[in-house]
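The values are calculated or read from the model by the stated rules, or taken from the named source; none is laboratory data. Just so it is clear, the model here is predicted, and its values are computed rather than measured. Heads up, the Cβs are rebuilt from the backbone with ideal geometry, glycines too, and the neighbour counts pull from every protein chain shown. Surface areas here come from the heavy atoms of the whole protein model, side chains and all, with no ligands, DNA or RNA. Shrake-Rupley method; radii C 1.70, N 1.55, O 1.52, S 1.80 Å.
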Amino acid sequence: MDAFTAGLLQRIRATESDLSRARDEGDDFLVEVEQGELDDLRRLAAEHGVEVGLSGV
């Protein structure tokens with residue numbers, strides 16, 4: 001796995017965790033921010049052929 005792929009997957013995992021925490025805390029604004037970031041990261045992964053496993057988030 002190259003550095004780009006590893007870094008992207010790490011950012012996706014971190015953002016999923018942050019999104020989950022925001023949901024648990026009931027922070028609707030932060031949920032929107034984190035969901036937008038996650039959507040962008042997943043789009044970037046798809047554009048570069050990086051497979052992202054489905055999560056519960």
Magnitude of the Cβ-charge dipole of the chain, K/R +1 and D/E -1, about the Cα centre, nearest 20 debye?
240
Quotient of Cα Rg and 2.2 N^0.38 Å for the chain, N being how many residues it contains:
1.14
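May I ask you to give the solvent-accessible area per residue for the chain, in square angstrom, as obtained with a 1.4 angstrom probe?
69
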The relative contact order of region 7-57, taking Cα pairs under 8 Å that sit 6 or more residues apart, comes to a percentage of 42
